[in-house]
Amino acid sequence: MKMFLFLQVRMAKVKQVGLLAAGCQPWNKDVCAASGDRFAYCATLAIYIYQLDQQYNEFKLRSIMSEHKKTITAISWCPDNPDLFASASADNLLIIWNVAEKKAVARLDNTKGVPVSVSWCWNSADGVAFVSQRGPLYIWDYGGSDPGVTVHKEAHSFLSDICLFRWHPTKKGKLVFGHTDGSLSVFQPGSKSQKHVLRPESLEGTDEEDPVSALEWDLLSADYLLVSNLHNGIRLVDSEGLACITSFCFPSAAASVQCLAWVPSAPGMFITGDSQVGVLRVWNVSRSTPLDSFKLKKTGFHALHVLNSPLAKKAQGSCSPSKSQHTSSTSEAVPPPTLSQNRAFSLPPGHAVCCFMDGGVGLYDMGAKKWDFLRDLGHVETIFDCKFKPDDPNLLATASFDGTIKIWDTNTLTAVYTSPGNEGVVYSLSWAPGGSAADTQELSANVSI
């Protein structure tokens, strides 16, 4: 189990008084997804699903899905049915889940490799695509009249491993792959396939690798997409003309992007999360430098997703410009603001699901610049041992396969201390005898490296 149930004992009765969900795993890309009033993230073996409680206007943990026996590698929400999402894992298993019914509705037991990315086919309500390493791209039609797995006719025989892929949300059949060598591969029905194009200029003619860390189609264009490379930053590229439209600049050469997301309520606007430190940056495609930056945590981002449905009490100020038939986020972007306008311009209405490298998960209100909630420092692997502090029952120490020891305040359900995480696997622990209640670091542990 990678969560905690806090129980209170009174006479012969035991009741649950709290639950600490596990943190988000930091080692796979597509481990955060959202649809309507729900969002989900993955720990190692379980998927945690939160839903907006309309009565209290806040997100609450609704269900925990856990049938995978090895590390979950990717999840994807169905664009046509908000009750369905797919998950894949390292045991070559792909599962279709029904969130409302809290159960698995279909299973594919042999994916012929570990899927690194999963996505619903936008031209098929019952089709889920998945890919491993250098392909090919498989398509599982799990609910049609003739269920089975087929191979994409062109998306195979790649020269570099695949980091992730994305179907175009409106142009049926069009998709893009991001590779570890920094290149993209673009496929579109009726057009010539383009493999390993649009590498960053600094990599051209070299064997150096700079993995694609994030990839998202422009929601208002058939051809534009945002792509980030771990070391070469962010670009807005034209997949049809195979050209870079804009290269975005960071205030520091040390900054690098781990994840990005468009902001649906503000055309032309997107946000990024830094990989080394938890800095959230707000951008607009009309200018090459960030509009604003917020340091949300000391640890780096792992995943980002902007909810399409903001909380009701904050949705009143949300508005979108009218859209013409031939538009893109570039054409709809608001002109660059003056300095006096910068603060108002750079804070669009919307809520970002933020996952961090230390397992922390939170929902950040970008307009109000505050957390709606932040579940910090959760374990991301199996918990092997836990012990209350002998002279302070409000402190609980936990030992985990993720190599960390954490100390929790059981009243607030928050972590008050975590070890650096380089101890190896921690199987057991005990409080040092005679330690004062204020000394939370006097622990001995059984460690395997």
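Amide H of Leu225 versus every other amide H placed in the peptide plane: which residues, excluding those fewer than 5 positions away on the same chain, fall under 5 Å?
Counting only residues 5 or more places away or on other chains, the set is Asp218, Val237, Ser239.
Could you give me the ³J(HN,Hα) list for segment 233-244, computed from phi with Karplus coefficients 6.51, -1.76, 1.60 and θ = phi - 60°, whole Hz, x at Gly and Pro?
Running phi through 6.51 cos²θ - 1.76 cosθ + 1.60 with θ = phi - 60° gives x, 10, 9, 9, 10, 9, 6, 7, x, 6, 9, 8 Hz.
Computed from the mean reciprocal separation of all distinct C-alpha pairs, what Kirkwood hydrodynamic radius does segment 245-308 have, in Å?
Working: mean 1/r = 0.0837 Å⁻¹.
Evaluated over segment 245-308, this radius sits at 11.9 Å.
Counting only residues 5 or more places away or on other chains, whose amide H sits under 5 Å from the amide H of Asp385 once H atoms are built in the peptide plane?
Counting only residues 5 or more places away or on other chains, the set is Ala399.
Counting only protein heavy atoms and using a 1.4 Å probe, what share of the accessible area of segment 240-309 belongs to carbon plus sulfur, as a whole percent?
Summing carbon and sulfur atoms, their accessible area is 50 percent of the total for segment 240-309.
With θ set to phi - 60°, apply the Karplus curve 6.51 cos²θ - 1.76 cosθ + 1.60 along segment 89-100 and write out the HN-Hα couplings as whole Hz, x wherever there is a Gly or Pro.
Those phi angles translate into 8, 6, 8, 6, 10, 10, 10, 9, 10, 9, 5, 4 Hz.
For segment 116-225, count the residues as N, evaluate 2.2 N^0.38 Å, and divide the Cα radius of gyration by that value, please.
1.08
If you roll a 1.4 Å probe over the heavy atoms of the protein chains, what accessible area per residue do you get for segment 198-305, in Å²?
In whole numbers, segment 198-305 has 37 Å² accessible per residue.
Viscosity 0.692 mPa s, temperature 37 °C: what is the translational diffusion coefficient of segment 180-319 from Stokes-Einstein with a Kirkwood Rh over Cα pairs, rounded to a whole number of µm²/s?
205
Under a straight-distance cross-link criterion of Cα-Cα below 21 Å, which lysines are reachable from Lys172, leaving out those fewer than 8 residues away in the same chain?
Correct list for Lys172: Lys153, Lys192, Lys195, Lys323.
Enter the accessible area per residue of segment 40-170 (Å², integer; probe 1.4 Å; all protein chains in place). Don't skip to the answer; put the middle values down first.
On the way: 5550 Å² over 131 residues.
Per residue, segment 40-170 has an accessible area of 42 Å².
For Asp238, what charge total do you get from the other residues with a beta carbon under 12 Å from its beta carbon, if Lys and Arg give +1 and Asp and Glu give -1?
-2
With the full set of protein chains in place, find how many percent of the accessible area of segment 39-108 is carbon and sulfur; take the probe as 1.4 Å.
42
The values are calculated or read from the model by the stated rules, or taken from the named source; none is laboratory data. Keep in mind the model is a prediction, meaning the values are calculated, not measured. Here the Cβ is made from the backbone with ideal geometry for all residues, glycine too, and neighbour counts use every protein chain on show. All accessible areas refer to the heavy atoms of the entire protein, side chains included, with ligands and DNA or RNA removed. Shrake-Rupley method; radii C 1.70, N 1.55, O 1.52, S 1.80 Å.
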